[in-house]
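> Handing you this structure, nothing more for now.
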Amino acid sequence: FIIIALLSIGPLYAETKPADMIYKAFVEGRMELWTDAITILEKDFINTGNIDVLHQLILARYGYIGYSLGVENRQEARNQIALAEEHIDKLIAAPQLESTGYSFQAALYAFRISMAPLRAIFWGQRSMNFINKAIETDPENPAGRIEHGNAMFYAPSALGGSKHEAINSYSRAIRLME
């Protein structure tokens with residue numbers, strides 16, 4: 001009886017893992033699962049202070065910000081940016097996540113640019129500074145290369161953007177992930 005009960009609980013527990021919930025939210029278009037995962041990660045981080053949980057929380061927010069912008073929900077994107085920024089310094093202070101923290105900081109500025117393009121010159125430079133710090137801190141971390149690719153892809157050529165450079169950065173990120 002106990003074994004059967006544990007086996008039946010297992011699948012329910014698997015669905016409550018934040019990464020699984022986010023994947024399911026993405027695949028099935030059930031964004032309430034994404035926000036539920038963020039809530040679980042928030043509570044877990046508050047209870048444990050675990051830096052890896054914080055990394056997962058900011059990563060979840062990063063994806064949700066992109067979604068929010070895609071569906072023109074700028075207010076939700078702004079809220080998530082502000083919440084993510086509250087803890088970025090903790091990631092940067094952790095040696096194993098310093099480069100990733102800089103990458104997230106760069107991305108948050110890029111998200112702001114998409115909502116206020118007139119500030120691109122000011123925020124774009126800040127974003128590039130964080131991208132450069134991410135790559136300098138850990139050249140083998142794909143996150144910095146991904147953000148560099150994003151910056152090159154979305155920036156107008158007059159401001160230094162280059163689709164060719166973007167492809168090179170994305171390709172490098174793929175190689176690093178492999």
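> Quick check for you: with a 1.4 Å probe and neighbouring chains kept, what is the accessible area per residue of the chain, in Å²?
Dividing the accessible area of the chain by its residue count gives 59 Å².
> Would you mind putting 127-137, 24-34 in packing order, based on average other-beta-carbon counts within 10 Å, highest first?
127-137, 24-34
> I'd like the orientation of helix 18-28 relative to the chain: the angle between its Cα long axis and the longest Cα principal axis, in ° from 0 to 90, rounded to 10.
Compared with the principal axis, the helix lies near 80 degrees.
> Follow-up question, since we're still on this one. Sort 54-60, 72-78 by packing, meaning the average of other beta carbons within 10 Å per residue, with the highest value first.
54-60, 72-78
> OK, next. Please tell me the relative contact order of the chain in percent, rounded to the nearest whole number, where contacts are Cα pairs under 8 Å and at least six residues apart.
Once normalised by length, the contact order is 12 percent.
> Highest mean first, how do 62-71, 81-90 rank when packing is the count of other Cβ atoms within 10 Å averaged over residues?
The most tightly packed comes first, giving 62-71, 81-90.
> Here is a follow-up. Pairing the Cα long axis of helix 51-70 with the longest principal axis of the chain, what angle in degrees results, from 0 to 90 and rounded to the nearest 10?
70
> Once both axes come from the Cα atoms, what is the angle between helix 2-15 and the longest principal axis of the chain, in degrees from 0 to 90, rounded to 10?
20
> Below 8 Å, C-alpha to C-alpha, sequence gap of six or more: please give me the relative contact order for the range 54-94 in percent.
In percent, rounded to a whole number, it is 45.
> Decide, for the range 27-140, between rounded, prolate and oblate: order the square roots of the alpha carbon gyration tensor eigenvalues as a ≥ b ≥ c, take rounded if a/c falls under 1.5, and otherwise choose prolate if a/b is larger than b/c, else oblate.
Oblate, since a/c reaches 1.5 and b/c is not below a/b.
The values are calculated or read from the model by the stated rules, or taken from the named source; none is laboratory data. Bear in mind the structure is a predicted one, so any value in this text is a computation, not a measurement. Heads up, the Cβs are rebuilt from the backbone with ideal geometry, glycines too, and the neighbour counts pull from every protein chain shown. Each accessible area value is taken on the protein alone, full model and side chains, heavy atoms only, with ligands, DNA and RNA left out. Shrake-Rupley method; radii C 1.70, N 1.55, O 1.52, S 1.80 Å.
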